[in-house]
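Contents: one structure, followed by commentary.
The values are calculated or read from the model by the stated rules, or taken from the named source; none is laboratory data. Bear in mind that the values here come from a model prediction, so they are computed numbers and not experimental data. Neighbour counts run over all protein chains shown; Cβ positions are idealised from the backbone, glycine included. Note: accessible area is taken over every heavy atom of the protein model, side chains too, but ligands, DNA and RNA are not part of it. Shrake-Rupley method; radii C 1.70, N 1.55, O 1.52, S 1.80 Å.
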Amino acid sequence: MENTLGLEIIEVVEKAAIASARWMGKGEKDTADQVAVEAMRERMNQIYMRGRIVIGEGERDEAPMLYIGEEVGICTREDAKTYCNPDELMEIDIAVDPCEGTNLVAYGQNGSMAVLAIAEKGGLFAAPDFYMRKLAAPAPARGHVDINKSATENLKILSECLSRSIDELVVVVMDRPRHKDLIAEIRQAGARVRLISDGDVSAAICCAFAGTNIHALMGVGAAPEGVISAAAMRCLGGHFQGQLIYDPADVNTPESEKWTRQGNIDRLNEMGITDPDKVYNAEELASGKTVLFAACGITPGTLMEGVRYFHGGARTQSLVISSQSKTARFVDTIHMFDEPKALQLR
Ligand SMILES: O=C(COP(=O)(O)O)[C@@H](O)[C@H](O)[C@H](O)[C@H](O)COP(=O)(O)O
Ligand SMILES: [Mn+2]
Ligand SMILES: [Mn+2]
């Protein structure tokens, strides 16, 4: 699956990032999102693959593009037999977030990216649009920290696994009222907290890279982003656990007020999830034999530069991670749109 796909998906995230970055700082989050979706879809549909969106922009009736269930790739077209031999091509599932951190783009802040994850059919957990409690940590702490333990206990474990004192640990938490007690507990335990307004995929993946000065992600974000984060962490050997939140009282946001606890449990049952309290690890959220992950910075971030335009072109930085080749590749690309006056070396 990986060989050419690994190269093509770099362009998929690059195109989305380049389109979205045009809207950086313009205060229009929906447009920044929409152009990324269009660009990602257009480039995906040029790839010789049989893809199906399992995590996307929402259900078909609310999302015109990259909706859950949408088939993508040349080999899903009605006239596919003209171009491909579908029997030779493996069916793949794709999770996308064409603009992860739409607010960050709209307000010109760091940490947004175009991102996707791929596995063979059935290899990614088709998470509902729920919230998810998450715990991410570096590889040495994998299987030692546990989302069922308190933040205080996990910080002690992290401190031992990473040979650092607790006050040398930095925990990323989303800056939300729901995290008031969690933030107080982390501070009380002696660790330092980095609050982010958006973008918990980037924060989760940063845990897997020493040198980012991020040692854990704790708290509640969106479940689809949890699966995408898990795909990267599964390939990188980092720790990731996620637990779906079905009780609106646990998050208490305007969005969650539309739901009821029992309604959410029923929805999970319909999906075949009979244990709504189950804690999923990275290998369960991204269970595919082969998992691929790709991201391209829209605005600058800890892992990647953002899109930098120049006369007639742009420069991007992407990250492609593969479970098959066991690589995490940082890709620096110059894109020539028309006739650039000069190509910037750095
Ligand atoms: O920041 C985020 C927003 O993603 P997007 O809508 O694609 O720009 C994600 O990283 C978070 O995981 C998540 O969506 C967020 O925590 C959930 O929303 P909120 O109700 O604002 O806490
Ligand atoms: Mn997102
Ligand atoms: Mn998004």
Task: Long-range HN-HN contacts of Gly58 with modeled amide H, under 5 Å - done: Ile68
TODO: Return one number: the angle in degrees, 0 to 90 and rounded to the nearest 10, between the long axis of the Cα atoms of helix 261-270 and the longest principal axis of the Cα atoms of the chain.
DONE: 50 degrees
Open item on the list: Only Cα pairs within less than 10 Å get springs; with that Gaussian network setup on the chain, which residue of Ser287, Ser163, Ser202 has the largest fluctuation?
Closed with: Ser163
- [ ] Would you mind checking which residues have amide H under 5 Å from Gly111's amide H? H placed 1.01 Å from N; only 5 or more apart, or other chain.
- [x] Thr299, Gly301
Open item on the list: For segment 1-127, what is the number of Lys pairs with C-alpha distance below 26 angstrom, counting only pairs 8 or more positions apart or on separate chains?
Closed with: 4
TODO: Run the quick spin-label model on Ile334 and Lys26: label points 7 Å from Cα toward the beta carbon, then report their separation in nm to one decimal.
DONE: 2.7 nm
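Out of all DSSP beta bridges with both ends in the chain, state the antiparallel percent to the nearest 5.
80 percent
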TODO: Taking the chain as the reference, fit the longest principal axis to its C-alpha atoms, fit the long axis of helix 29-44 to the helix C-alpha atoms, and give the angle between the two in degrees, 0 to 90, nearest 10.
DONE: 50 degrees
TODO: Once you've got the GNM for the chain with C-alpha springs shorter than 10 Å, pick whichever of Leu158, Leu236, Leu182 has the biggest mean-square fluctuation.
DONE: Leu182
Task: Note, ³J(HN,Hα) from phi for segment 276-286, Karplus 6.51, -1.76, 1.60, rounded to Hz, x at Gly and Pro - done: x, 8, 4, 9, 9, 9, 4, 6, 8, 6, 10
- [ ] Could you check which residue among Ala295, Ala314, Ala19 shows the biggest mean-square fluctuation in a GNM of the chain with a 10 Å Cα cutoff?
- [x] Ala314
- [ ] May I ask you to give the solvent-accessible area per residue for the chain, in square angstrom, as obtained with a 1.4 angstrom probe?
- [x] 46 Å²
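How about segment 229-323: which trypsin sites (Lys or Arg not before Pro) there are in a DSSP loop, with at most 12 other Cβ atoms within 10 Å of their Cβ?
Details: sites: Arg234, Lys258, Arg261, Arg267, Lys278, Lys289, Arg308, Arg315; in loops: Lys278, Lys289.
Qualifying residues, ordered by number: Lys278, Lys289.
Per DSSP helix of 4 or more residues, -39500 (n - 2.57); summed, then divided by the residues of the chain. What does that give at 222 nm, rounded to the nearest 500?
-8500 deg cm²/dmol
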- [ ] State the percentage of accessible surface on segment 131-285 attributable to carbon and sulfur atoms; use a 1.4 Å probe and exclude ligands, DNA and RNA.
- [x] 46 percent
TODO: Kindly write out, for segment 288-302 in residue order, the coupling ³J(HN,Hα) from the Karplus curve 6.51 cos²θ - 1.76 cosθ + 1.60 (θ = phi - 60°), rounded to whole Hz, with x marking Gly and Pro.
DONE: x, 5, 10, 10, 10, 9, 9, 9, 9, x, 8, 9, x, x, 5
Open item on the list: Need the C-alpha centroid separation for segment 311-346 versus segment 62-79, integer Å.
Closed with: 27 Å
- [ ] May I ask what percent, to the nearest 5, of DSSP beta bridges between residues of segment 36-167 are antiparallel?
- [x] 65 percent
